[in-house]
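What follows is calculated from the coordinates using simple rules that are stated; it is not laboratory data. These figures come from a predicted structure and were not determined experimentally. Note: ideal-geometry Cβ built from the backbone for every residue, glycine included; neighbour counts use all protein chains shown.
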Amino acid sequence: MLPPGGRISGTRLARLLGEWRRSGARQGSTDLAAALKLLVADGRLPVGTRLPSERELTDALPVSRTTITSALDQLRTEGVVESRRGAGSWINGPVGAGGGITGGDDTLIDLTRCAPPAHPGLRQAMVAAMDQMPEHLGSHGYHERGLPALRQVIADRYTARGLPTSADQIVVTSGAQHAWALTLRLFAGPGDRVLVEQPTYPNALEAVRAASAIPVPVPMTDDGWDVDAYEAALRQVGPRLAYLIPDFQNPTGLLLPSAGREKLVAVLRKAHTPLVVDETLVELSLTDEPMPLPMAAFGGDLVVTLGSASKSHWGGLRVGWIRASAEIVHRLTSTRAAIDLGTPVFEQLVLTDLLRDPEPVLRQRRLEFAAQRDVAVQALAEHCPQWNFKVPAGGLGLWCTLDAPVSTRIAVMAQNHGLRIVPGPRWAVHGGCEQMLRVPYTQSPEVLREAIGRLGVIAASVAGTGFPADAELSTPVA
């Protein structure tokens, strides 16, 4: 019995693969197999996807039939692809120990997730939460809006940032991605246009597509958000919704200043287009400069704000929230039961404890991230001097401009050097960003130096200049 799944055309697969072949490489089948494994690991070729025939792939890429056959043979050996005579080939399973992309190899460095480990203070908050659990065990445990105490401390945090907020304006969710999915369900339906930044967070794009809506990119400039471009897009496309990350934008790290916020909200208000603001990184300013007011301070009920503890505290908490008008909150909670029945009580108690006095933890986190950012900046200057980037004032990653459109090649080759990194096109709506690469600095300084050292070796190889004479990888790579 064949697994369920759609079929991908040769043309579509070729577009996803991008520039997969290394310059001067003789073993094209190895490069092609590695590129296909990257698509599987990134989720762009889900399990069950039916692959084009070898003849169709030969025409679409184009490469020899021998190269296609050899690449598929490699993937069959590793269990990534399965084939059956008369039925074709399909993605059989996630890339794991056989493929070397995921699994238990402790030599692998993962730069795909811009997320830090938990802060040491989290354990104490968990102990405090456990002490409070008995008083909740006698209730049903379902809280569609979230625990009142947590909603209040989140509201107080907004008020302290200059945006008066009540607990009735807060809905607790299971992370910011869940918050975005709930908001999309409320505002957008099949065929609706949703304005997004280009580049932007890939999972946000996937959520738009999962809602059968259509993401419409508005390109960012080197300095940030082009208000005129948004005005033109609003006029030409008539979007149902707009999604922005104005605070240390992911992946660029840019911060939208107050004047820009006011102008952009005015343009959206004129078009009667609701704005969803993702503030996942807002607490991670790495300078002493005051932060701009939240976007909702300029847009009122027009703006729905998403927040999360994943970057500031720990992604494993899986607690986020929505701040909106009381009317929108009511609509959100009325429709939430179709997706879930509330966020786990224990995790809410943990975050409540952390947010009662958040500054000590946040201050320490910011110092750690600033030091790691500086390590990454120094290592890139040493190992990848041909790359350009702006040092961000906050956030968790560096958005690098490469010396050539080779982002996908680097991501493919990185697997053979015990490294995982997201290629630039993943941040774009319809491809592009091939000359861009995000380098997170959420790892320890030692791991960052090692990872960027490997990137330097890979970049030199992809550029066709060969390996640096003094290049050494301190960790053996199979």
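Shown in residue order for the stretch 72-80 are the 3J(HN,Hα) couplings computed by the Karplus curve 6.51 cos²θ - 1.76 cosθ + 1.60 at θ = phi - 60°: 5, 4, 4, 5, 5, 4, 8, x, 7 Hz (x for Gly and Pro). Taking a quarter of the surface of the Cα convex hull of the stretch 398-446 gives a mean projected area of 3.8 nm². So the label point goes 7 Å from the Cα of His272 along Cα→C-beta, right? Which residues of the stretch 282-313 then have their backbone N under 17 Å from it? Within reach of a label on His272: 301-303.
Which order do the peptides 237-245, 45-53, 418-426 take when ranked by the mean count of other beta-carbon atoms within 10 Å per residue, highest first?
Working: 237-245: 21.7, 45-53: 17.7, 418-426: 23.4.
Most protected by this proxy first, the peptides run 418-426, 237-245, 45-53.
Per residue, the convex hull spanned by the Cα atoms of the stretch 10-91 amounts to 86 cubic angstrom.
Quick one: Cα centre-to-centre distance for the stretch 364-391 and the stretch 221-245, in angstrom? Taking the Cα centre of each part, the stretch 364-391 and the stretch 221-245 sit 30 Å apart. Each peptide in 280-288, 364-372 receives the mean, over its residues, of other Cβ atoms within 10 Å, and ordering these scores from highest gives 280-288, 364-372.
Output the 0 to 90 degree angle, nearest 10, between the alpha-carbon long axis of helix 326-335 and the longest principal axis computed from the alpha carbons of the chain. Here the helix axis deviates by roughly 50 degrees.
Spin-label model, Asp156 to Gln124: label points 7 Å out along the Cα-to-beta-carbon direction sit 1.7 nm apart. Show which aspartates and glutamates lie in cross-link reach of Lys390 when reach means a straight Cα distance below 14 angstrom and same-chain residues fewer than eight apart are skipped. In chain and number order, the partners are Asp222, Asp223, Asp374.
Summarised in one figure, the compactness ratio Rg/Rh of the stretch 291-417, Cα atoms and Kirkwood Rh, is 1.07. The modelled label-to-label distance between Thr221 and Arg113, using points 7 Å beyond Cα along the C-beta direction, is 3.7 nm.
Helix 258-270 sits at what angle to the longest principal axis of the chain, using alpha carbons and giving 0 to 90 degrees rounded to 10? Taking the Cα atoms of the chain, the angle to 258-270 is about 90 degrees. Taken one residue at a time, the phi angles of the stretch 133-145 give Karplus couplings (6.51, -1.76, 1.60, θ = phi - 60°) of 4, x, 5, 9, 5, x, 9, 6, x, 9, 9, 4, 8 Hz. Gly and Pro are set to x.
With Cβ to Cβ distances under 11 Å as the rule, what net charge do the other residues near Arg356 carry (K, R +1; D, E -1)? Mind dumping the intermediate values first?
Numbers: positive: Arg157; negative: Asp156, Asp353, Asp357, Glu359.
Net local charge, Arg356 excluded: -3.
By the Kirkwood approach, averaging reciprocal distances over each pair of separate Cα atoms, the chain gets a hydrodynamic radius of 23.9 Å. Taking 7 Å steps out from each Cα toward its Cβ at Asp73 and Asn416 produces label points 1.8 nm apart. Amide H contacts of Leu286 (H built 1.01 Å from N, in plane; Pro and chain starts excluded): Gly394, Gly395 sit under 5 Å, all sequence-distant by 5 or more or on other chains.
Note on the stretch 121-358: Cα-Cα pairs beyond 28 Å make up 29% of the total pair count.
Using alpha carbons only, how many angstrom separate the centre of the stretch 418-443 from the centre of the stretch 269-326? Each part reduced to its Cα centre gives a spacing of 24 Å. Taking the chain as the reference, fit the longest principal axis to its C-alpha atoms, fit the long axis of helix 176-187 to the helix C-alpha atoms, and give the angle between the two in degrees, 0 to 90, nearest 10. Taking Cα atoms only, the helix is inclined about 80 degrees.
Of the listed peptides 436-445, 209-218, 290-299, what is their order by residue-averaged count of other C-beta atoms within 10 Å, with the highest listed first? Before the final figure, lay out each step's value.
Details: 436-445: 22.4, 209-218: 17.2, 290-299: 19.3.
In decreasing order of mean packing, 436-445, 209-218, 290-299 become 436-445, 290-299, 209-218.
Over all other residues within a Cβ to Cβ distance under 10 Å of Ala129, the charged ones net out to -3, with Lys and Arg as +1 and Asp and Glu as -1. So what is the 222 nm mean residue ellipticity for the chain from helices alone, if each DSSP H run of at least 4 adds -39500 (n - 2.57) and you divide by all residues, rounding to the nearest 500 deg cm²/dmol? Result for the chain: -12500 deg cm²/dmol, rounded to the nearest 500.
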